[in-house]
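The values are calculated or read from the model by the stated rules, or taken from the named source; none is laboratory data. The structure presented is a predicted model; accordingly, all values stated were derived computationally and were not measured. A quick note on method: Cβ atoms are made from the backbone with ideal geometry, for glycine too, and the neighbour counts reach across all protein chains shown. The accessibility values were calculated without ligands, DNA or RNA, using every heavy atom of the protein model including side chains. Shrake-Rupley method; radii C 1.70, N 1.55, O 1.52, S 1.80 Å.
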Amino acid sequence: MNNRKFNDQELVRRNKLFNLKKNNSDPFEICDFRRNYNSCSFKNKYINLTKEQLHEIKDEVKIAGRILAIRKTFGLIKDFFGKVQFYVNKKENPQLFLQFSSLDIGDIIGIFATPMKTNTGELTLNVKKIILLSKSLKPLPEKWHGLSDEEMKIRQRYVDLIMNDDSMARFILRSKIISFIRQFMSENKWYEVETPILQSTLGGAAAKPFITHHNVLDRQYYLRIATELPLKMLIVGGFEKVFELGRVFRNEGMDATHNPEFTSMEAYCAYSSLEDMFNFAEELIRYVAKKINSERLVYKDIEIDFNKKFTRKRMVDVIKESCGIDFDKIQDDNQAIELSKKHNIDLLQHEMNRGHIIAKFFEKYGEQNCQQPTFVYEYPIEVSPLAKKVKDNPKFTQRFELFICGKELANAFSELNDPIDQFDRFENQLNEKKLGNNEANEMDMDYISALEYGLPPTGGIGFGIDRLIMLFSNSDNIRDVLLFPHTRKKNN
């Protein structure tokens, strides 16, 4: 690391730090700073007082934050709650002004001050003492341009948060949304649980996994692609309403709505069905929308009113509306294969059947037409190995996905609880794996064993939390709502 190169500004800042240390004023030796105000509480207390009233007040204000701007005798300091101007009187305290002049934008300081207002009426900190709490050795991006480089914003999220108030507000909103989701679950008597991230069997979703190795046990493990199977085992064990909110991992492509590591919430309720999951999904989203004052919002020019009942449509009906093809009239695999050729839909070997082709047609034509909140239900059995069959139409399952603005936000089943049927479905998945489906489920005998003890009728649902936050924050890329998304290797 001795060959590190620094630009001129970095060298100047490092030299300042060297001199501070030489004069026994090392800022990094300071352990804390006791504040009695933040930028928001300071403004709330004094903003409505006149300049003359403030002149009579001798309250000592202790506040800390990062310097964002310096202009002559004025500066701008930012903390988590906002920004506030400060002023150093050069005539009254030339020594303090000398110290102020040595500071750099980006430095973190503690201020002792009294409140005042400038001639233009701006509430300001009249500084009496400054303590340098942390020396910024790198300059912030140019104030006037902010941080516009998208890759830099992601790779250096901390700089993005310093420079862009919108980014900070978006991640505060994310935290609130997750908190409100947990609040909703708690109010409705759901129990939050934790299941293993390292799983010995691949299951719970159709996805390609990350694979790791446990040295002591000398076993291969997967980073979980879903929390579904362990949660349903807990329903077998006697829990009746369980959920888990956490990270899952899928070793797949990255795009505007996919990141290899993302946040999901799965919830399972004994003695309930898909109908209950329809209602649960609406109630949860409506609850969050109300809490963040977004019951009516505009996402990319699409107006959404969450107070309205969500639409429900069969998958084959959405396809028919979108491209005119009626799969109710197409029962033969060969007919479906010919249609896929005409519509330039590429099929892998394991997808050469009507069920997979219906799903492909919906993905190509149907999803984009589900702009208003829409439950798309009755998915083909071939793509739904964990859902109960539709009693009167066993080629389809009791499953829905919720789409808003063309994006999938939730996936729900009447959970398959017949262990014999489930065993056969897993075997079909193994056959698909042999045909090249690297996202197929494996045979999970632990789960089959659990089902053989008896799983009550159960409704289950999974939410893509990041996509929900994208919707409520009006973000068009998942990387904008992840604090530390994955990026490609940086070229030197």
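Observations, loosely collected:
- Peptides 18-31, 408-421 ordered by packing proxy, namely the average of other Cβ atoms within 10 Å per residue, highest first: 408-421, 18-31.
- Converting the Cα gyration tensor eigenvalues of the range 236-282 into ellipsoid dimensions via √(5λ) gives semi-axes, longest first, of 27, 14, 8 Å.
- Cα pair distances exceeding 25 angstrom across the range 314-430, given as percent: 22
- Here Q156 and S101 are evaluated by their C-beta separation; at R0 = 30 Å the FRET efficiency comes out at 0.60.
- In plain terms, the chain from Q368 to M254 could stretch by 39.1 nm, reckoned as 0.36 nm per residue minus the Cα-Cα distance.
- Value in Å of the Kirkwood radius, where the range 214-307 supplies the Cα pairs that are averaged: 16.5
- Taking a ≥ b ≥ c as the square roots of the eigenvalues of the alpha-carbon gyration tensor, the range 1-138 is classed prolate because a/c is 1.5 or more and a/b outweighs b/c.
- Solvent-free Debye calculation, one equal scatterer per alpha-carbon of the range 351-395: log10 I(q)/I(0) at 0.18 Å⁻¹ equals -0.60.
- Taking 7 Å steps out from each Cα toward its Cβ at R4 and K83 produces label points 2.9 nm apart.
- Relative contact order for the chain: 12 percent, from Cα pairs under 8 Å spaced at least 6 residues apart, divided by residue count.
- Taking only Cα atoms of the chain, radius of gyration then Dmax in Å: 28.9, 91
- Cα-based equivalent ellipsoid of the range 315-379: semi-axis lengths in Å, sorted from largest, via gyration tensor: 20, 12, 11
- With contributions of -39500 (n - 2.57) from each DSSP H run of at least four residues, the per-residue ellipticity at 222 nm computed over the chain stands at -10000 deg cm²/dmol.
- The Cα-based radius of gyration and maximum Cα-Cα distance (Dmax) for the range 167-224 are 17.0, 45 Å.
- Kirkwood Rh, angstrom, the range 37-102 [1 / mean 1/r, Cα pairs]: 13.1
- Across the range 411-492, Cα-Cα pairs more than 18 Å apart make up 65 percent of the total.
- Pairs of Cα atoms in the range 413-453 fall into 10 Å distance bins, from 0 up to the last occupied one, in shares of 31, 49, 19, 1 percent.
- Label separation (I448 vs Q331): 3.1 nm, computed from points 7 Å beyond Cα along the C-beta direction.
- Between I131 and K176, the C-beta separation translates, for a Förster distance of 30 Å, into a calculated FRET efficiency of about 0.35.
- For the chain, the share of accessible area belonging to carbon and sulfur comes to 49 percent (1.4 Å probe, ligands and nucleic acids excluded).
- Counting only whole DSSP H helices of the chain, the ones at least 27 Å long by C-alpha along their axis and with mean Kyte-Doolittle hydropathy no lower than 0.0 are 165-187.
- Point-to-point label distance, K138-E60, nm (Cα→Cβ direction, 7 Å offset): 3.6
- Legend: P(r) of the range 82-196 from all alpha carbon pair distances, 10 Å bins from 0, whole percents, reading 11, 26, 26, 20, 12, 5, 1.
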